Amino acid sequence: MNPWYFTGTNEELNNFLLEVFLEDEEVEQLMYSELYELETDEFSEKIESLRKEKLEVLDELNKEADLTDTAYEIAKASIDYTFYKYKENYPFKHRWKLREDNLHEISEDFYAYRNDIEYGNKNLTYLRPYYEFMKLHLGNISYMTCSDDCGKNGGAIKNQLHFNQHKLNLIDSLVGEKELRDNLFRNVAFNYLLREHDVDSNKVFIDEFQRISR
Ligand SMILES: [Zn+2]
């Protein structure tokens, strides 16, 4: 099955995306075996060079196949968001891999790509790397906001109701595209209700969910 939810008819593009996806599994393994343990700058450089390699392959393909603008955009976004996803995941995986007590302070440079994130591009809504990225990105920002503003000892974050309220509000403020917004809201609700079984908390959550996600 094509894992990309991509309905284009351009066979070369589909093959390319499939290839990127297959290699992505190798990259994923490399992340866990070697890369997440790198320090921030080194990790950043590595990710950037892997991303550039893929973009070069795409440009070669584009020369031969002369992709439509939309096809090119989708292929490029697949590559970009695949690698940005690893960066969103990095602080947490790095801490876990090295069994560190605290998350690293991460510079704004590390997250420079966030300036270019598209929250309202319909062409990307069902692109898997984009959606996977969005979930990690919103989780990362919610976590960082909460640990900076709400409580220093992680207590607030461990409170599922509180933490997921951050996520709902963040989606509300960032994501304009209707379908992406709905999908992300539903994803938060699903994960929350899977974990939390306290009736009173659930009522508070569902009320807020309905108010915000309308
Ligand atoms: Zn908080």
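No value in this document is a laboratory result; all are computed from the given coordinates. As the structure is a computational prediction, the values presented were derived from the model and not from experiment. With ideal geometry, Cβ positions are generated from the backbone for all residues, glycine too; neighbour counts draw on all protein chains shown.
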> To the nearest 20 debye, what charge dipole does the chain have about its Cα centre, counting +1 at the Cβ of each Lys and Arg and -1 at the Cβ of each Asp and Glu?
Replying inline: 1200
>> Give the separation of the Cα centroids, the range 52-103 to the range 148-214, in Å.
In response: 27
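Can you tell me the order of 64-74, 127-137, 78-88 when each peptide is scored by its average per-residue count of other Cβ atoms within 10 angstrom, highest first?
Numbers: 64-74: 14.8, 127-137: 20.2, 78-88: 22.8.
The peptides rank, most packed first, as 78-88, 127-137, 64-74.
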> Taking neighbour Cβ counts within 10 Å as the exposure measure, how do Arg214, Arg186 sort from fewest upward?
Replying inline: Arg214, Arg186
> Summing Lys, Arg as +1 and Asp, Glu as -1, what charge do residues with Cβ under 12 Å from the Cβ of Ser201 carry, Ser201 excluded?
Replying inline: -3
>> Taking the beta-carbon count within 10 Å as an exposure proxy, list Val199, Val57, Val175 from fewest neighbours to most.
In response: Val199, Val57, Val175
>> Straight-line reach only, C-alpha to C-alpha below 23 angstrom: list the lysines that Lys63 could link to, leaving out same-chain residues fewer than 8 apart.
In response: Lys52, Lys54, Lys76
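Relative contact order for the chain: what is it in percent, counting Cα pairs under 8 Å that are at least 6 residues apart?
On the way: 160 pairs, mean separation 39.9, N = 214.
Averaging sequence separation for qualifying contacts and normalising by length gives 19 percent for the chain.
Rank the residues His197, His94, His162 as a footprinting-exposure proxy: fewest other Cβ atoms within 10 Å of their Cβ go first.
Working: His197 9, His94 20, His162 17.
By the 10 Å Cβ count, ascending: His197, His162, His94.
For the range 1-119, calculate the relative contact order in percent as a whole number, restricting contacts to Cα pairs under 8 Å that are 6 or more residues apart. Please report the intermediate quantities before stating the final value.
Working: 55 pairs, mean separation 35.2, N = 119.
For the range 1-119, the relative contact order is 30 percent.
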